[in-house]
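Note sheet for the following structure.
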Amino acid sequence: MCVPGQSPVTGLPLGAAMWPAPLSAAAAVAMAQDALSWLAAANDLTAAERAECLRGLERVESVHTAAQSAVLSAFSVAGDCEDDGHGSARSWLKWQTQVTGAAAAGAIGWMRRLKEHRALSDALAIGRVSSSWARQICDWSDKLPEAARGDADVIMLAAADGGAELADLADLAEEVRQRTAVPDQDGDDNGFADRSVRLDFHYRGAGKVDGDLTPQCAAALQAVLDALGKKAGSEDIRSQRQRDHDALEEAWR
């Protein structure tokens, strides 16, 4: 767990590390902004420095997610948005920080998500896991019975620490889901007997898929789409359905 006044990198008090401890929240934000501005202007880094910088920046992104969520949570609980005439934290973010409605909703989503996933919140706060992997672990964990989610988060984080890839975590999440599944009370086989997939070919080899998937198959397919169907960046203009198609093709290849 990240301790205020302690470096998440060295574990030492900030004053004992290579940089002084900030004296206020404003000073901490200014230090972070100055450091990132320095990196944005750096143009004489070696190949090894660039590689390590990119690894480190991903950890910084994780810590940023945890810090923003923690501050936003306190901001929301205290109703601080009302001081500026806003009725919600989402509205305040949109107008006071000049972000889009989607970005504001994303920040609120992380705030709520990390309230329910304390192990992942702590892991993000020290850069132990990337934000994108944390989001995926949360999504898998949320499909489990509520009593099993905390332990599942810890198990998947430990697996990631041990070198597990995202596909390995997907398999682990499915194993946990099967072990914690509530027994069927009405004798239904969850559609297993009715499972089917139909592939029809059309003009020039184009195809159309239709089917009825069991819960296990649907969960596995969703894990593939989630893992491989993410936007490739701001220049990626594909729709969600197009990204899902491309994710499925990549998985098959």
With volume of the Cα convex hull per residue in Å³ as the read-out, I listed (1) 117; (2) 206; (3) 157; which label goes with the value calculated from this structure? (2)
Using a Förster radius of 35 Å, what is the FRET efficiency between residue 231 and residue 50 based on their Cβ-Cβ separation? Nearest 0.05, please. 0.90
Contour minus Cα-Cα distance for residue 99 and residue 220 (0.36 nm per residue): 40.1 nm
Per-pair calculated FRET efficiency, R0 = 51 Å: residue 195 and residue 40 via Cβ, rounded to 0.05: 0.45
Quick one: putting +1 on the C-beta of Lys and Arg, -1 on the C-beta of Asp and Glu, what dipole do you get for the chain around its Cα centre, in Debye to the nearest 20? 500
What's the FRET efficiency of residue 78 with residue 32 using the Cβ-Cβ distance as r and R₀ = 30 Å, to the nearest 0.05? 0.85
Which value, in Å² rounded to 10, gives the accessible area of residue 62 with a 1.4 Å probe and all protein chains present? 0
Given 12 as the ceiling on other Cβ atoms within 10 Å, longest exposed-site-free region of the chain for GluC sites (Glu not before Pro) in DSSP loops: 1-164
Please identify which residues in region 234-253 have an amide N closer than 14 Å to a label point set 7 Å out from the Cα of residue 174, following the Cα→Cβ vector. 251-252
What accessible area per residue, rounded to a whole number of Å², is obtained for region 104-253 using a probe radius of 1.4 Å? 64
Rounded percent of accessible protein surface that carbon and sulfur make up, the chain, 1.4 Å probe: 56
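The values are calculated or read from the model by the stated rules, or taken from the named source; none is laboratory data. Quantities reported herein were computed from a predicted structural model and do not represent experimental measurements. Counting neighbours? That spans all protein chains shown, and the Cβs are built from the backbone with ideal geometry, glycine included. With ligands, DNA and RNA removed, areas are computed over all heavy atoms of the protein, side chains included. Shrake-Rupley method; radii C 1.70, N 1.55, O 1.52, S 1.80 Å.
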